[in-house]
């Protein structure tokens, strides 16, 4: 995690270390993940479904010769499914040693968020298990939910392993 | 200056392993009475090289052991000692001990105590008292008494270029006693034409020493291969061994990678050709790029040609790249000579092993993984297959049993056969045992092939007692599992009283698969060609609904369960009615399944991509591949599909 002291464009001078987050949109909400975990952003391409997998595992795609699984975050957060359009993207992340793709509605911005701006997430009783939330930040008017992508995608593994055993 | 030798240690271990292989091979040919003129020399040189290395790295036990071994081998090659059967056995055991010593040194553990016992035996064979303590720089005893030796030392001209200094040799000799050296400078050219890197000098030496001949020879340890050396007692009584070594390279070693490493040696020619092909491919591609520049429809034929050229080069490149990883099966066949002989001897049987096709090449990964299953099959044949000489004579067979190992290419596969002319397997007995083990029901109708396939089920064994060689019933199913995991197939052919043949079919490489592409709904799948029996269109009359168990298709009187891939994979398939679609009959474990698909898309070689790398293992799927249109397609695992269809219990079409 890069720790940088930034001077904001308006000269206000951010206090304390900050990190960069890639923010994206799912439904009405904006989420963010650490930019350093992101390998690339890919446009939507044909996904090959894998049999007998939970509904949020959409299938696999071909990423320049490597077979990469794609997780449908909407399904994972129990949002209604939606049609895919030209804004739909797959964010390819590195989690541990694996390369995994996440299907999102659209990608927003790369934001610098100072550690001091991040609050712990209250238990909203909402759709996202708070285990996967590393914090929340309010940027301008928008509230961004910061996701712990490692936990989010590894929990999948554990569950999947269990069902196999 | 302290030189850190540790980086060279691994090289030494690898080379020592190869030298030991050569030694063993030569000793075996000696035992079989097929010793060539150079056999004894080759064996000696192997031990000699290992000794030099052992001393360089300070492996005490190894150095002492090889020293004694080398002395014995020297006597052997000079004809002073006869190569009796007992001696050859002792030497073979020495190879084993040396292997153990090398392993101990590599793992930095204590040398196994057995080495001292075998050293004693070697000493006895030498009929000399225990070798003097090994110290290459032992200060010579100052006694004037001793023998005088006439030594001629003529190094080859490239001695210096090999990093060897004759002065060190002379110094070592001087430490053994009194040395008088006479340098022969006759070959020395004038200063202008002198090449400082070439050795022009020769020496005639007279050494007075109480040291043993071995120690004198030791002084020449590093230069022996690149110099003509003769050491003779000045008071010529017995003509001593002339150590005239031709200027030779290191003993030739087979193209083999040490088991503990994950690196391999490749012939330079293979690599060169590969690099050439890459160059040609780059040229073809840039030609295509040029055509694309300012492309008009008229240029289409040109583009087609360029693409065809690229395809040609790519295909050859693929072929060549795969060949790089190929090594001959001789690397595993080699060990079987010893195994068969030793095991047969232990069991009191006479067995001759014939090997053919050992130069057949296989992917390195496949070779490594087929070694153990093959070993088991060979052991089986020796232990259970071939009868004792008495039994054989009673059966009217020659007392010596024949075991044949064959390897050959067939189609895109490599076939390996293990055939014996032993007692064969009794089909009825197999069947009875299978019924006993619950592997099949008494009323089941099974073809002979299917009965033979039962051998490969877990827990099956018709051996009456558990010998320590094999016979625990855990072997054959592991063999099958290993072969299956490699994407191959194994089958047994047997005739009671006449013998058995186990035939293994292996793919040339693990990464590429011959597959049949098929479509179910909007999805494309690949079935390994090796699992496919046939594909047919089914008539309505052939389909029957067996009460509660689902649809069954009858093909040539055989009932085959139907698997609706669409339903199994939760894909909406176009075809619900088997009579309307295509059925692919696949085979696994001697049984058949009928897969209902929408369309066959053709045969293709596909590159296997792992699903586990970024995801996990999925039942029914072995991996994925990338199709020509860039989409990922799943490769079906017939074993998994079979399990899934059995487990689920096929439900009837709704």
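The values are calculated or read from the model by the stated rules, or taken from the named source; none is laboratory data. Given the structure is predicted, the values throughout are model-derived calculations rather than measurements. When we count neighbours, we look across all protein chains shown, and the Cβ atoms used for this are built from the backbone with ideal geometry, even at glycine.
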Within segment B:350-368, take every residue that is within 17 Å of the chain's Cα centre (by Cα) and surrounded by 18 or more Cβ atoms within 10 Å (Cβ to Cβ) and give me the one that is farthest from residue B:485 (Cα to Cα). B:357
Assess whether residue B:387 counts as being outside any helix (DSSP H, G or I), modelled with pLDDT under 90 and over 30 Å from residue B:276 (Cβ atoms). yes
Residues satisfying the stated conditions in segment B:86-124, i.e. touching a residue at least 24 places away in the same chain (Cβ under 8 Å) and not in a helix (DSSP H, G or I): B:111
Given (1) more than 32 Å from the chain's Cα centre (by Cα); (2) more than 8 Å from every other protein chain (Cβ to nearest Cβ); (3) under 30 Å from residue A:101 (Cα atoms), number of the condition residue B:631 does not satisfy: (2)
Could you tell me whether any residue of segment B:585-601 is over 43 Å from the mean Cα position of the chain (by Cα) and more than 14 Å from chain A (Cβ to nearest Cβ)? yes
If I go through segment B:403-448 residue by residue, how many of them are in contact with a strand residue (DSSP E or B) (Cβ under 8 Å, 6 or more places away or on another chain) and crowded, with 17+ Cβ neighbours inside 10 Å? 18
For residue B:617, only one of the following conditions fails: (1) more than 11 Å from every other protein chain (Cβ to nearest Cβ); (2) more than 19 Å from residue B:523 (Cα to Cα); (3) surrounded by fewer than 18 Cβ atoms within 10 Å (Cβ to Cβ). What is its number? (1)
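Here is a yes/no grid of residues against (1) in a strand (DSSP E or B); (2) free of Cβ contacts under 8 Å to residues at least 60 places away in the same chain:
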position	(1), (2)
B:571	no, yes
B:574	no, yes
B:587	yes, yes
B:593	yes, yes
B:596	yes, yes
B:602	yes, no
B:605	yes, no
B:617	no, yes
Matching residues in segment B:489-513 - criterion: being crowded, with 21+ Cβ neighbours inside 10 Å and out of contact with any strand residue (DSSP E or B) (no Cβ under 7 Å at 6 or more places or on another chain): none
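Every residue, every condition in (1) crowded, with 20+ Cβ neighbours inside 10 Å; (2) under 27 Å from the mean Cα position of the chain (by Cα); (3) farther than 30 Å from residue B:605 by Cα, yes or no:
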{"site": "B:313", "(1), (2), (3)": "no, no, no"}
{"site": "B:320", "(1), (2), (3)": "no, yes, no"}
{"site": "B:344", "(1), (2), (3)": "yes, yes, yes"}
{"site": "B:373", "(1), (2), (3)": "yes, yes, no"}
{"site": "B:390", "(1), (2), (3)": "no, no, yes"}
{"site": "B:399", "(1), (2), (3)": "no, no, yes"}
If you scan segment B:557-567, which residues turn out to be within 13 Å of another protein chain (Cβ to nearest Cβ) and surrounded by fewer than 21 Cβ atoms within 10 Å (Cβ to Cβ)? B:566, B:567
Which of the following residues is at pLDDT 90 or above and either assigned by TED's automatic domain parsing to the domain that holds residue B:14 or within 33 Å of the chain's Cα centre (by Cα) (or both): B:279, B:269? B:279
Condition (residue is in contact with a strand residue (DSSP E or B) (Cβ under 6 Å, 6 or more places away or on another chain) and modelled with pLDDT of 90 or more) applied to segment A:3-20: is it met by at least one residue? yes
Give the residues of segment A:55-72 that are within 12 Å of chain B (Cβ to nearest Cβ) and part of a loop (DSSP other than H, G, I, E, B), sorted by residue number. A:55, A:64, A:65
Would segment B:533-545 turn up any residue that is outside any strand (DSSP E or B), closer than 20 Å to residue B:444 by Cα, more than 14 Å from chain A (Cβ to nearest Cβ) and at pLDDT 85 or above? no
Breaking point among (1) more than 14 Å from chain A (Cβ to nearest Cβ); (2) outside any loop (DSSP other than H, G, I, E, B); (3) touching a helix residue (DSSP H, G or I) at 6+ places or on another chain (Cβ under 9 Å), for residue B:641: (1)
Reported set for segment A:73-118 where residues are within 14 Å of chain B (Cβ to nearest Cβ) and assigned to a strand (DSSP E or B) is A:90, A:92, A:93, A:94, A:95, A:98, A:99, A:100, A:101, A:102
For segment A:39-54, which residues satisfy the criterion of being over 18 Å from residue B:610 (Cα atoms) and at the interface with chain B (Cβ under 7 Å from one of its Cβ atoms)? A:46
In this structure, is residue B:611 within 14 Å of another protein chain (Cβ to nearest Cβ), touching a helix residue (DSSP H, G or I) at 6+ places or on another chain (Cβ under 8 Å), buried (at least 21 other Cβ atoms within 10 Å of the Cβ) and under 30 Å from residue B:322 (Cβ atoms)? no
